[in-house]
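Asker: Take this structure, written in structure tokens, and hold onto it; I'll ask about it next.
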């Protein structure tokens, strides 16, 4: 089983898409990249992923419109919207879990993506614990503020 987080990344700019997909791949994510939001929507109907990363401004539909369609198909999948704008109207963010605009640091984007999708190892342990074996095999989750930093399976992006 692949432990990496799978990200559907949709950006109509092929150069930007290749660059960010490469960086995300180096940081431990598995990337499914699409340059057309309509193709991405069709893909959503036949494949699974852990998080959607969407560009806001695209020609056939905006990232906000695509976010709405993805949430209708896969309500539990987090959606992150990225944009070259410094702000987007609140109504456009209704189906978005996080938004990053102009001037966002890459570390902030990576941190948010990791927070929105729990590591699959922890998710499997919690699922195992939910089957009644919590006493014997408690999930190992460290929380910030309790003297420990959470363990990470990703490379540090700094």
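Asker: Might you let me know whether region 102-111 holds any residue that is surrounded by fewer than 19 Cβ atoms within 10 Å (Cβ to Cβ), outside any helix (DSSP H, G or I), in contact with a strand residue (DSSP E or B) (Cβ under 6 Å, 6 or more places away or on another chain) and without any contact (Cβ under 8 Å) to a residue 24 or more places away in the chain?
Answerer: No - not one qualifying residue is present in region 102-111.
Asker: Let me ask another. May I ask you to list the residues in region 7-19 that are over 16 Å from residue 57 (Cα atoms) and either modelled with pLDDT under 95 or touching a strand residue (DSSP E or B) at 6+ places or on another chain (Cβ under 9 Å) (or both)?
Answerer: Hits for region 7-19 are 7, 8, 18.
Asker: Only one of (1) modelled with pLDDT of 95 or more; (2) in contact with a strand residue (DSSP E or B) (Cβ under 9 Å, 6 or more places away or on another chain) fails for residue 38. Which number is that?
Answerer: Status for residue 38: all satisfied but (2).
Asker: Let me ask another. State yes or no: is residue 95 under 21 Å from residue 68 (Cβ atoms) and either in a helix (DSSP H, G or I) or modelled with pLDDT of 95 or more (or both)?
Answerer: Here the answer is yes, as residue 95 does meet what is asked.
Asker: More than 18 Å from the chain's Cα centre (by Cα) and farther than 19 Å from residue 18 by Cα: does that describe residue 90?
Answerer: Judged against the criteria, residue 90 is a match.
Asker: Sticking with this structure for a sec: I'd like the full set of residues that are more than 23 Å from residue 74 (Cα to Cα) and surrounded by fewer than 18 Cβ atoms within 10 Å (Cβ to Cβ), limited to region 2-24.
Answerer: 13, 14, 15, 16, 18, 19, 22, 23
Asker: Given the criteria closer than 22 Å to residue 105 by Cα and in contact with a helix residue (DSSP H, G or I) (Cβ under 7 Å, 6 or more places away or on another chain), does residue 10 qualify?
Answerer: Here the answer is yes, as residue 10 does meet what is asked.
The values are calculated or read from the model by the stated rules, or taken from the named source; none is laboratory data. Here the structure is a predicted model, which means the values were calculated and not measured. Cβ atoms come from the backbone with ideal geometry, glycine included; neighbour counts cover every protein chain shown.
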